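Data block below; observations after.
The values are calculated or read from the model by the stated rules, or taken from the named source; none is laboratory data. This is a predicted model, so every value here is computed, not measured. FYI the Cβ positions are ideal-geometry reconstructions off the backbone, even for glycines, and counts take in every protein chain you see.
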Amino acid sequence: MQTILGSSGQIAVELAKELQRTMTHDLRLVSRNPHRVNDLDQLHAANLLDAGQTTAAMRGSEVVYFTAGLPADTKLWEQQFPLMLRNALDAARATGAKFAYFDNTYMYPQDQQVQTEETAFAPVGRKGKVRAQMAQMVLDEMQRGDIPVLIARAPEFYGPGRTQSFTNTLIIDNIAHGKNPRIPVADRYLRSLIWTPDASRALAALANTDDAYGQTWHLPIDQHRLTYQQFTQLADQVFGHKSKPVILPRWALQAAGLFLPQVRELHELLPRYAADNIFDSSKFASRFPDFTVTTYRQGLEIIREEKRRGI
């Protein structure tokens, strides 16, 4: 039995597809209101804020994936995210399950230095501090050694389906609908973007590889990084559109945050768009040399076909 905690997000959905396709049909999906991804999925409703419900949801699991998410609300993150993770780690220890933690890069410095698995945490903003706290909780569990634990870390998403990111919302979706893309802060810096199905496939590979445990892993990306200017030009080619990108300066986004809570919640991420973002996934590539990464052109072509079919 393999169990996905927080089974409604895009990463979890793609993970469930990959596990069913390549690893196991014995799969349990856990969230407050779970829905099947595959016909044979077992559904288990649970609130991860409740320790007893969390343990019950994980009982009998060989591998547990923590892919739970929350809305971009700082207070909610501070109040709920660490408790959810603590309950899940305690339950993994109580049930003897292997634990695969899906992480992001909020805790990293938001500058041009190359990000590796050894990069020291230097969070900017309250959400970054929450993610640093959570990552340290998993590292402490790893150090304790009672259960097998790994961290799988991903940079900013782009992808199909319900993938949520600046890149999807401001750039790809606008170009797909014949509109001009909006680019946050600047378009001349290199971006590191991960195709969400690649992130899920890689997470499944790691969690089903015994020697991957006890380590932090950067999930694989297309190492031919593009600036947003280059990415926009490529998207124009794929969608057959000639756009005129609009740069959203930092001051304008900060001003918009005075009236739009969703924008205000993203302020602490803005520095990352004012420098090259170099996320190094060479460690994963060395350990899994046969893993095929989706190129930016391939990803954009998949999104184009989805939108053409109205998916």
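Within region 67-84, the set of residues being touching a residue at least 24 places away in the same chain (Cβ under 8 Å) and over 15 Å from LEU15 (Cα atoms) comprises ALA72, ASP73, THR74, TRP77, GLU78, GLN80, PHE81, PRO82, LEU83, MET84. Report, by residue number, each residue of region 283-297 that is part of a helix (DSSP H, G or I) and without any contact (Cβ under 8 Å) to a residue 40 or more places away in the chain. Matches in region 283-297: SER286 only.
When you go through THR55, THR119, THR67, THR22 one by one, which is the residue that is crowded, with 19+ Cβ neighbours inside 10 Å and assigned by TED's automatic domain parsing to the domain that holds LYS129? Please lay out each step first, then the result.
Numbers: THR55 fails: crowded, with 19+ Cβ neighbours inside 10 Å; THR119 fails: crowded, with 19+ Cβ neighbours inside 10 Å; THR22 fails: crowded, with 19+ Cβ neighbours inside 10 Å.
Unique residue meeting the criteria: THR67.
Taken over region 237-256, residues that are at pLDDT 80 or above and among the polar types (S, T, N, Q) amount to 2. Beta carbons closer than 6 Å, at least 6 apart along the sequence or on distinct chains, pair a first residue in region 53-66 that is under 18 Å from ALA12 (Cβ atoms) with a second that is surrounded by 18 or more Cβ atoms within 10 Å (Cβ to Cβ) and of a type in the set (S, T, N, Q) for THR54/ASN87; MET58/THR3; MET58/THR95; SER61/THR3; VAL63/GLN2; VAL64/THR3. If only residues of region 224-242 that are assigned to a loop (DSSP other than H, G, I, E, B) and touching a residue at least 60 places away in the same chain (Cβ under 8 Å) are counted, the one that is nearest to the chain's Cα centre (by Cα) is HIS224. In the set LEU234, LEU226, LEU203, LEU190, only one residue is of a type in the set (A, V, I, L, M, F, W, C), surrounded by fewer than 20 Cβ atoms within 10 Å (Cβ to Cβ), within 21 Å of MET107 (Cα to Cα) and modelled with pLDDT of 95 or more; that residue is LEU190. As for region 146-163, it holds no residue that is touching a Gly at 6+ places or on another chain (Cβ under 6 Å) and among the polar types (S, T, N, Q).
Of the residues making up region 15-24, none is of a type in the set (Gly, Ala, Ser), modelled with pLDDT of 95 or more and farther than 21 Å from ASP210 by Cα. Select from region 21-49 the residues that are polar (S, T, N, Q), outside any loop (DSSP other than H, G, I, E, B) and within 19 Å of ASN87 (Cβ to Cβ) and list them in ascending order. Once the filter is applied, which keeps residues that are polar (S, T, N, Q), outside any loop (DSSP other than H, G, I, E, B) and within 19 Å of ASN87 (Cβ to Cβ), region 21-49 yields only SER31. Checked across region 110-122, the condition of being farther than 27 Å from LYS244 by Cα and assigned to a helix (DSSP H, G or I) holds for no residue.
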